[in-house]
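Quick notes on the structure that follows.
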Amino acid sequence: MTHIHSFWKNFCLLLLLGLPGAVWAQNTLGPTTSETPEQLAKRMAWFAEAKLGIFIHWGIYAVDGVSESWSFHNNYLPYEAYMRQCKGFTAAHYRPKEWVDLIAESGARYTVITTKHHDGVALWDTKASALSVPKATPARRDVLTPFVEEVRRHPQLHLGLYYSLLDWSHPDYPNFTRTTTRYAVKDDSARWGRFCRFNFAQLEELSRAYRPDLWWFDGDWEQDAATWRSADIVHLLRRYAPDCIINSRIQGYGNYATPEQGVPVVRPEAKYWELCMTMNDSWGYQPTDRNYKTPQMLLRTYVDCLSNGGNLLLDIAPRADGTLPEEQVDILKVFGRWNRKHAEAVYATRAGIPAEHFQGYSTLNAAGDILYLYLPYRPNGPIEVKGLMNRVHRVWVVGNGAMLPYKVYNKNYWNDLPGNLYIDVPDTVLDENITVLAVLLDGPCRLYRGEGKVITSN
């Protein structure tokens, strides 16, 4: 831990002498600029259409395969032992082009990489700290910039940067481990001010260098918005990228919700949302974690998100040498095959019909006159859609084009209630993972949501 302390001692001296970003300690920024719902919708349009993002957790925690940052914070191992992993982070086989090509192949429309986790180790050559991959590991180079450059070579990919607001390694951050704190913010505002200057310095470096399309904050739970100076942070970021999107983890100043791991059972209240999920049980690389979800399970989660109007941010975890586990590569390739085949039923769709109407997942196209039905199972007979008021023009298999026979039952002449739509789905058209049907309607989808009626005339 001695070499880390010396890093921070030198850094603090430089900070006091006037590092770039120190101006933010003067609190010269006001509240965030308001925008109309129409302006917000325009800014969020690409995110709403993207559907799939790829999260990347990469840091020194991959060396020993321990839990990222939490392993020392929860006292599972000493801080000194955790930080010794710096010596093993080589990035010797890091090929950012291969990463980004695979991400694009998966069908993802954005990617989010951890620029710095709660342990404080930065992937880029930060001038605000000596605790970085270029300075503190044998990799001896900035590993973030080459990744960003590759992302920018793919016009369909948007760039997201993960940044931990808290930094358990920083000597001026109040919290350290679960059982150890350095100080209380209310008791030492000067010390907290130094940490804020550090945070703003790093955020300005990232903003100036990369101008990301999306900011993915984490760690906000330890302080409130006023203490973090969330409004000032948003102003800083939008000076460099006026249309950037910010996730919810910045104490009330974000643009979209971020449920984690568990798929929402009911549609979230937030108009824009994203489920972040691991492929196994770990965010960072842990070779002992073999509990991978199958590609089929993850695709079901994906279409569940689509059905509820959200995105899936699926995590990959590179090894310390920069290679990707084979299981993760295989999963992304399965996603790529499925997304290419079913693109019309993925991008630019919106939430589907309520679950009571169909035994499966569904979405609607932007106009609302095409209902997409997702079948993660082999039907035992015709599938059923209930309460559909529209007349159906045709039904086809997405990615296949085959027209399917359908028929409406239980449409009675003596009332205005809709019948039940039944669609025959032969085995010959089934996808190996999830089959998608398109139902063309005579106009925007209309549903009957009542309890039925009794006969009054026959």
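The values are calculated or read from the model by the stated rules, or taken from the named source; none is laboratory data. Everything quoted here is computed from the prediction, not taken from an experiment. We place every Cβ from the backbone using ideal geometry, glycine too, and count neighbours over all the protein chains shown. To get the accessible areas, we keep the full protein, side chains included, count just its heavy atoms, and leave off ligands, DNA and RNA. Shrake-Rupley method; radii C 1.70, N 1.55, O 1.52, S 1.80 Å.
Take the stretch 392-419 and flag every residue that is at pLDDT below 95 and surrounded by 14 or more Cβ atoms within 10 Å (Cβ to Cβ).
Asn400, Leu417, Pro418, Gly419, listed by residue number.
Residues Arg197, Arg141, Arg211: which one is open to solvent by 30 Å² or more (accessible area, probe 1.4 Å) and at positive phi?
Only one candidate passes the filter, namely Arg211.
For the stretch 258-275, does any single residue satisfy the condition of being open to solvent by less than 20 Å² (accessible area, probe 1.4 Å) and touching a helix residue (DSSP H, G or I) at 6+ places or on another chain (Cβ under 7 Å)?
yes
Considering Ala355, Ala343, Ala367, which residue is modelled with pLDDT under 95 and out of contact with any strand residue (DSSP E or B) (no Cβ under 8 Å at 6 or more places or on another chain)?
One residue alone meets the criteria, Ala355.
Test of understanding: among Phe11, Phe89, which residue is under 28 Å from Ser129 (Cα atoms) and either of a type in the set (D, E, K, R) or modelled with pLDDT of 95 or more (or both)?
Only one candidate qualifies: Phe89.
Out of the stretch 66-95, which residues are open to solvent by less than 10 Å² (accessible area, probe 1.4 Å) and either over 20 Å from Thr115 (Cβ atoms) or polar (S, T, N, Q) (or both)?
Hits for the stretch 66-95 are Ser69, Ser71, Gln85.
Look through the stretch 285-338, keep the residues that are touching a strand residue (DSSP E or B) at 6+ places or on another chain (Cβ under 8 Å) and hydroxyl-bearing (Ser, Thr, Tyr), and return whichever of them is surrounded by the most Cβ atoms within 10 Å (Cβ to Cβ).
Tyr302
Kindly provide the set of residues from the stretch 107-138 that are aromatic (Phe, Trp, Tyr) and surrounded by fewer than 24 Cβ atoms within 10 Å (Cβ to Cβ), ordered by number.
Trp124
For the stretch 196-237, how many residues meet the condition of being within 20 Å of His158 (Cβ to Cβ), in contact with a strand residue (DSSP E or B) (Cβ under 9 Å, 6 or more places away or on another chain), touching a residue at least 40 places away in the same chain (Cβ under 8 Å) and not β-branched (Val, Ile, Thr)?
Residues that pass the stated criteria total 10.
Of all residues being β-branched (Val, Ile, Thr) and within 18 Å of Val392 (Cβ to Cβ) in the stretch 420-434, which is surrounded by the fewest Cβ atoms within 10 Å (Cβ to Cβ)? Just the residue, please.
For the stretch 420-434, the residue satisfying everything is Val429.
What pairs come up if the first residue lies in the stretch 370-382 and is modelled with pLDDT under 95, the second is crowded, with 16+ Cβ neighbours inside 10 Å and among the aromatic types (Phe, Trp, Tyr), and their beta carbons are under 7 Å apart, counting only those six or more places apart or on different chains?
none
Among what's in the stretch 161-194 and is farther than 20 Å from Glu80 by Cα and touching a Pro at 6+ places or on another chain (Cβ under 6 Å), pick the residue that is surrounded by the fewest Cβ atoms within 10 Å (Cβ to Cβ).
Top of the filtered list is Tyr183.
Among residues belonging to the stretch 131-152 that are hydrophobic (A, V, I, L, M, F, W, C) and in a helix (DSSP H, G or I), point out the one that is farthest from the chain's Cα centre (by Cα).
By that ranking, first place goes to Ala136.
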